[in-house]
Amino acid sequence: MRSKFKDEHPFEKRKAEAERIRQKYPDRIPVICEKADRTDIPTIDKKKYLVPSDLTVGQFVYVIRKRIKLAPEKAIFIFVDEVLPPTAALMSAIYEEHKDEDGFLYVSYSGENTFGSEL
C-alpha cells in the first residue's frame, strides 16, 4: 500500500519530525495509521499517533476501533508492511522490526484481511 502521508510530505521533513518526536518522547513510538485502499471501513480522523512503547498491537487496534467508531460486530485488521502483526506483540517490537527509513511506523487498517497473513 502506498502511503498518502509519504506522498504529501517530503522525506527530509518526515525524518526530521520523527527524530524530534523520538528525542522529546523516547518512550513513545511515532505511528502513521491510514486506511487501506478498497475497504468500506470508516476513515480515521487523524493519521499521526504517539504510541507508548509497552502498548500491544491488540491495544492499538482497540484505539483505532474507538477513533473510527466501529461497531463491535465489525472486524478490523491492522497491517504493517502488508503483514498482520501478532496482537500480543508490543508496538516497540513491531517498530524496531518494521520502522521506515524516515523513522515512522506505517500501519494500515482494513475491514477485511486483504493481504493474507504470513505468520
*Can you list the residues, at least 5 places off or on another chain, whose amide H is less than 5 Å from the amide H of LYS35, using H built in the peptide plane?*
ILE44, TYR109
*What percent do you get for the relative contact order of region 4-110 when only Cα pairs under 8 Å and 6+ apart count?*
36
*If the label point is 7 Å along Cα→Cβ of THR39, which residues in region 1-22 have backbone nitrogen under 19 Å from it?*
1-7
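Kindly provide the helix-only [θ] at 222 nm of the chain, computed as the sum of -39,500 (n - 2.57) over DSSP H runs of four or more divided by all residues, to the nearest 500 deg cm²/dmol?
On the way: 4 runs with 38 residues, N = 119.
When only DSSP H runs of four or more count, the value is -9000 deg cm²/dmol.
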*Which entries in the list LYS15/LYS69; LYS13/LYS46; LYS15/LYS74; LYS13/LYS69; LYS24/LYS46 go over 28 Å, if you measure between the two C-alpha atoms of each?*
LYS15/LYS69; LYS15/LYS74; LYS13/LYS69
_When the convex hull of its Cα atoms is projected in every direction, mean area for the chain (nm²)_ = 7.1
*asked:* Could you give each residue of region 64-78 its phi-based ³J(HN,Hα) in whole Hz, using Karplus coefficients 6.51, -1.76, 1.60 with θ = phi - 60°, and x for Gly or Pro?
replied: 5, 3, 5, 5, 9, 6, 7, 4, x, 7, 8, 8, 9, 10, 10
*For region 4-110, give the magnitude of the charge dipole about the Cα centre (Cβ charges: +1 Lys/Arg, -1 Asp/Glu; no others), in debye to the nearest 20.*
540
*asked:* I need the phi-derived Karplus couplings for region 22-32: 6.51 cos²θ - 1.76 cosθ + 1.60, θ = phi - 60°, integer Hz, Gly and Pro marked x.
replied: 5, 6, 6, 10, x, 9, 10, 10, x, 10, 10
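Any read-out appearing in this document is the output of simple, stated calculations on the displayed coordinates, not a laboratory observation. All of these numbers come straight from a predicted model, not from anything done at the bench. Virtual Cβ from ideal backbone geometry, glycine too; neighbours counted across all protein chains shown.
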